[in-house]
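Laboratory data are not the source of any read-out in this text; all were calculated from the coordinates shown. It should be emphasised that the depicted structure is a prediction, and the values quoted were computed from it without experimental measurement. In this analysis, Cβ positions are derived from the backbone assuming ideal geometry, glycine residues included, and neighbour counts consider all displayed protein chains.
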Amino acid sequence: MPPRTAAHAPSSVPTFAARVVAWQRVHGRHGLPWQQTRDAYRIWLSEVMLQQTQVTTVVPYFERFIARFPDVRALAAAPLDDVLAAWAGLGYYRRAHHLHAAAQAVARDHGGEFPTDATTLATLPGIGRSTAAAIAAFASGERGAILDGNVKRVLARHAGIDGWPGEPRVEKRLWDAAEARVPDHDIEAYTQGMMDLGALVCTRTDAKCLVCPVTDDCIARHEDRVDALPAPRPRKALPQRAVQLLVVERAGAVLLERRPAQGIWSGLWSLPEFAMEASPVDACVARFGVAPAACEPLPPIAHAFTHFALTMHPWRVRLAAGIADAASPATTWLTREDARGAALPAPIKRLLDATLV
């Protein structure tokens, strides 16, 4: 039998949603801490945390976050440092900045009542079209299409959509497919089912097609292209960057500097940086006006970001007693215990845990 293609596959749109809903009610996820609620605040937190992060990683962060910031007013009133500290380790720190800004917008512009309609939700910082539709579906039952990474994979395979989903033309086709499949009823179960299907069954590798509820009319399966769809991001050599760090110790404390508001690790506390062509002694003289009392290299640290790879070369430095504090207000001295609870990037926190003894 010739492969079944998009042109002559049976019409699946009318029954697609019903199959997803029926599957979700039996096989989907039901016990996550942000489920079984109409609380838009909790739903919003989970959706933002789940962007580019797996459920198993998110759950403990979500529970700690809710304990610390139980409602949107508490989050809005909290210092940004506290929010970043609670977020540290989840990565993609712009999400935490947007989270704080959105909470303040809700407190300021919506009387502290979190919106539940997608149109209003999409006006808040960090909430895009798909996230707004997901929150609205779970919080108020509003009908709308979602298109997160897992859903893109399900639809690219089921509808036989070629190309990398990051390309505008491909994304438009995926949105068209997503909107065509939205049911008139059971939007909550359908939305959760699409997320669960992509996470549990229609996975990036080793897709479980035999237990998929929409496998009968999946174009990728009939054309033996499950592993080929969706197409991966076009490969490019990841740019390599390197920087040196100062682990400056004094009387049991380490010097930290606030990262700029823009760029990697924005707003977090980190170690002072200096260029690869400079020496750590020269860097100390430039910052403190005196050479260090001791200086030793530490093992380099590699860390990959989305658009580049960074290698950090730390130097453990001890300043002589009596050296004055750094003059900038964007610096602080913290003990190891205090540093553990501060808003530090995960690799910096690991470095300090291994270094400060």
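If you plug each phi of segment 173-184 into the Karplus form 6.51 cos²θ - 1.76 cosθ + 1.60 with θ = phi - 60°, what whole-Hz ³J(HN,Hα) values come out, in order, with x for Gly and Pro?
5, 5, 4, 4, 5, 5, 5, 5, 9, 5, x, 6
Work out, step by step, the length gained on full extension between Arg318 and Thr335: first 0.36 nm times the residue separation, then minus their alpha carbon distance; give nm to one decimal.
Numbers: separation 17, 0.36 × 17 = 6.12 nm, distance 1.43 nm.
Length gained, Arg318 through Thr335: 4.7 nm.
Find, among the GluC sites (Glu not before Pro) in segment 218-289, those assigned to loop by DSSP (not H, G, I, E, B) with at most 14 other beta-carbon atoms within 10 angstrom.
Working: sites: Glu223, Glu249, Glu257, Glu273, Glu277; in loops: Glu223, Glu277.
Sites meeting the loop and neighbour criteria: Glu277.
Rounded to two decimals, what is the ratio between the C-alpha radius of gyration of the chain and 2.2 N^0.38 Å? Mind showing how you got there, number by number?
On the way: Rg = 24.5 Å, N = 357, 2.2 N^0.38 = 20.5 Å.
For the chain, the normalised Cα radius of gyration is 1.19.
Students often forget the sequence filter, so: which lysines lie under 27 Å Cα-Cα from Lys172 once same-chain residues fewer than 8 apart are removed?
Here the lysines satisfying the reach criterion relative to Lys172 are Lys152, Lys208, Lys236.
Starting from segment 216-253, pick out the trypsin sites (Lys or Arg not before Pro) whose DSSP state is loop and whose Cβ has at most 12 other Cβ atoms within 10 Å.
Numbers: sites: Arg221, Arg225, Arg235, Lys236, Arg241, Arg250; in loops: Arg225, Arg235, Lys236.
When the trypsin sites (Lys or Arg not before Pro) of segment 216-253 are filtered for loop state and at most 12 Cβ neighbours within 10 Å, Arg235, Lys236 remain.
If I stretch the segment between Thr53 and Ser266 completely, what's the gain in nm (0.36 nm per residue apart, minus their alpha carbon distance), one decimal?
On the way: separation 213, 0.36 × 213 = 76.68 nm, distance 1.86 nm.
Length gained, Thr53 through Ser266: 74.8 nm.
With springs only between Cα atoms under 10 Å apart, run a GNM on the chain and tell me which of Ile187, Ile135, Ile264 wobbles the most.
Evaluated over the chain, the most mobile residue of the options is Ile264.
First measure r as the distance between the Cβ atoms of Glu296 and Asp71, then evaluate 1/(1 + (r/R0)^6) with R0 = 45 Å and state the FRET efficiency to the nearest 0.05.
Details: r = 48 Å, r/R0 = 1.07.
Efficiency computed from Cβ-Cβ geometry: 0.40.
From the backbone phi of segment 276-289, what are the Karplus-calculated ³J(HN,Hα) couplings (6.51 cos²θ - 1.76 cosθ + 1.60, θ = phi - 60°) in whole Hz, Gly and Pro given as x?
Computed from phi, the couplings for segment 276-289 are 5, 7, 8, 9, x, 5, 4, 5, 5, 4, 5, 8, 10, x Hz.
Give me the angle, in degrees from 0 to 90, between the Cα long axis of helix 13-27 and the longest principal axis of the Cα atoms of the chain, rounded to the nearest 10.
Helix 13-27 sits at roughly 60 degrees to that axis.
List every residue whose amide H lies under 5 Å from the amide H of Leu268, counting only residues 5 or more places away in sequence or on a different chain, with H placed 1.01 Å from N in the peptide plane.
Here Arg259 satisfy the definition.
Within 13 Å, Cβ to Cβ, of Asp176, how many net charges do the neighbouring residues add up to if Lys/Arg are +1 and Asp/Glu are -1? Write down the numbers at each step before the final one.
Details: positive: Lys152, Arg169, Lys172, Arg173, Arg181; negative: Glu171, Glu179.
The answer is +3.
With 10 angstrom as the radius, rank Leu210, Leu238, Leu50, Leu298 by how many other C-beta atoms surround their C-beta, starting from the fewest.
Fewest-to-most ranking of Leu210, Leu238, Leu50, Leu298: Leu210, Leu238, Leu298, Leu50.
Sketch the reach of a paramagnetic label on Trp164 as a point 7 Å from Cα along Cα-to-Cβ, and name the residues of segment 219-249 whose backbone nitrogen lies under 20 Å away.
What the label zone holds, given the 20 Å backbone N cut-off, is 226-241.
For Arg316, what residues show an amide H to amide H distance below 5 Å, using hydrogens built from the backbone and excluding near sequence neighbours?
Correct list: Val247, Glu296, Leu298.
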